[in-house]
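K.L.:
Pasting in a structure now, in structure tokens, and then I'll have a few things to ask.
The values are calculated or read from the model by the stated rules, or taken from the named source; none is laboratory data. Please read all numbers here as calculations on a predicted model, not as lab measurements. Every residue, glycine as well, gets a Cβ built from its backbone with ideal geometry; the counts of neighbours run over all protein chains shown. These accessible areas exclude ligands, DNA and RNA; they are computed on the full protein's heavy atoms, side chains included. Shrake-Rupley method; radii C 1.70, N 1.55, O 1.52, S 1.80 Å.
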Amino acid sequence: MTANAKKRVLSGIQPSGNLTIGNYIGALRQWVAEQDAYDCFFCVVDLHSLTLPQDPAHLRAKTREVAALYIASGIDPDKATIFIQSHVPAHTELAWILSCLTPLGWLYRMTQFKDKAAKQQQESVGAGLLNYPTLMAADILLYQAHAVPVGDDQRQHLEYTRDLAQRFNHLYGETFVLPDAMIPKTGARIMGLDNPLAKMSKSEASEGHAVYLLDTPAVARKKLMRAVTDSGREIIFGESPEKAGVNNLLTIYQAITGQSNADIEAHFAGKGYGDLKKEVGEAVVSLLTPLQARYQELMAEGGYLDKVLAHGAQKANEVANQTLAQVRQCIGLVAPS
Ligand code: TYM
């Protein structure tokens, strides 16, 4: 790296459903904030989505939708590289190489694997689901990323990535940068509106669980008005399970408005839960309105998104192939002549 070269960031989102305000607050918001300071690579991780059953037409549509939502959220394709993971074959090749260095125990310990596998019959759990973190490690290590902006649920996957990079570097010599997770102070774990003890997730089907980035203002307001709270009255931040619903609403409000805990609590002092839900609803709508306008413009502009993705794939392939060539060389694969 030259003296004034920017450090690198890589992150991604699975096109496995409708993006939620949790994805925005935990991940996209940070990406937008960091795109000037870092050399950023943001991918739509379509291959990760294959670890659970997907309808092909739906997956194709969602992959483009997620890429468009990156731009609509404020990622500037002139600053950051936006691409689709499966357009860069190096990801799967490095994932294979890394999986050969991975003790099975490391994979069985992953809490996301345990949670997702528990929802299926044991014999039908796909090998891809177990190997999911190895593909994620390949995504990150190929770009020699220094920082990975993600929500709190990805912490363990980042530790696994570092462990794997260290193991590789130890066996074959310094090859990979050890990446740090970049987790936001506010909103690293937005909870479900229908169940504030469970993480808000794009793959949870129940109505009223999540506000999606493409929900109409009326739907978003309605979902927030129905959010689960408690039987008390106090509108304060707090860790206790009883206050989880109120805490979650305040956190969403804080992530969008940027106000301090004290200012927010003072603002809501003496008000009721109905007022809280209404104001959070308005804050969310103020976030979604310009984002959706940009999204609609983008989708109407024929060919623009494809150009961004083609250019992104070209740039990503260049960087990824350089790292992969180095890896192939140091593990003893014969270079193609
Ligand atoms: P995914 O698609 O589940 O989520 C995308 C990003 O959104 C964050 N996030 C949340 N943040 C706060 N509150 C929530 N309720 C919430 N739900 C999701 C996630 O932490 C994530 O940052 N394994 C990754 C995808 C991935 C990846 C990568 C990420 C594949 N390769 C390389 C970073 C780097 C995932 O499933 O994210």
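K.L.:
Enumerate the whole-percent occupancy of each 10 Å bin, from 0 to the last occupied one, for all C-alpha pair distances of segment 217-296.
P.N.:
The percentages, shortest bin first, are 19, 51, 25, 6, 0.
K.L.:
Using alpha-carbon pairs under 8 Å, 6+ residues apart, how would you state the relative contact order of the chain in percent?
P.N.:
Once divided by the residue count of the chain, the mean separation gives 22 percent.
K.L.:
Can you list the HN-Hα couplings for segment 54-59, worked out from phi with the Karplus curve (6.51, -1.76, 1.60; θ = phi - 60°), rounded to whole Hz and with x for Gly and Pro?
P.N.:
Ordered by residue, 3J(HN,Hα) equals 9, 7, x, 5, 5, 4 Hz.
K.L.:
How large is the helix-only mean residue ellipticity at 222 nm for the chain, computed as the sum of -39500 (n - 2.57) over DSSP H runs with n ≥ 4, divided by its residue count, in deg cm²/dmol to the nearest 500?
P.N.:
Computed mean residue ellipticity for the chain: -16000 deg cm²/dmol.
K.L.:
Relative contact order, percent, of segment 217-296 when contacts are C-alpha pairs under 8 Å separated by at least 6 residues?
P.N.:
39
K.L.:
Excluding residues on the same chain fewer than 8 positions from LYS202, give the aspartates and glutamates whose Cα lies under 13 Å from its Cα.
P.N.:
Within the straight-line limit of under 13 Å, LYS202 reaches these aspartates and glutamates: ASP215.
K.L.:
Could you give the radius of gyration (one decimal) and Dmax (whole number) of the Cα atoms in the chain, in Å?
P.N.:
20.8, 75
K.L.:
Now for a different question. Once you have the Cα-Cα distance between ALA335 and ARG294, take 0.36 nm times their residue separation minus that, and quote the gain in nm to one decimal.
P.N.:
Length gained, ALA335 through ARG294: 10.2 nm.
K.L.:
Let me ask something else. Computed FRET efficiency, Cβ-Cβ of ASN321 and SER231, R0 51 Å: what is it to the nearest 0.05?
P.N.:
After rounding to 0.05, the efficiency reads 0.30.
K.L.:
Further, regarding this structure: Give LYS199/LYS277; LYS62/LYS222; LYS199/LYS315; LYS114/LYS243; LYS79/LYS119 a once-over and call out the pairs whose C-alpha atoms are over 30 Å from each other.
P.N.:
LYS199/LYS315; LYS79/LYS119
K.L.:
Let me ask something additional. Per residue of segment 14-23, in order, report the coupling 6.51 cos²θ - 1.76 cosθ + 1.60 (Karplus, θ = phi - 60°) as ³J(HN,Hα) in whole Hz, putting x for Gly and Pro.
P.N.:
Taking θ as phi minus 60°, the curve returns 7, x, 9, x, 7, 5, 10, 5, x, 4 Hz for segment 14-23.
K.L.:
When the chain is fully extended, how far beyond the present Cα-Cα distance does SER203 get from GLU242, taking 0.36 nm per residue of separation?
P.N.:
Gain on stretching SER203 to GLU242: 11.5 nm.
K.L.:
Further, regarding this structure: Under a 5 Å amide H to amide H cut-off, with H placed in plane at 1.01 Å, what residues pair with ARG8 once short-range neighbours are removed?
P.N.:
Residues meeting the amide H criterion: ASP39, HIS146, ALA147.
K.L.:
Compute the accessible area per residue over the chain, keeping the other protein chains in place, probe 1.4 Å, unit Å².
P.N.:
47
K.L.:
Give the accessible area for SER203 in Å² (nearest 10); use a 1.4 Å probe, count only protein heavy atoms, and leave out ligands, DNA and RNA.
P.N.:
90
K.L.:
Here's a follow-up. Heavy atoms only, probe 1.4 Å: what % of the accessible area of segment 217-296 goes to carbon and sulfur, would you let me know?
P.N.:
Whole-percent figure for carbon plus sulfur exposure: 53.
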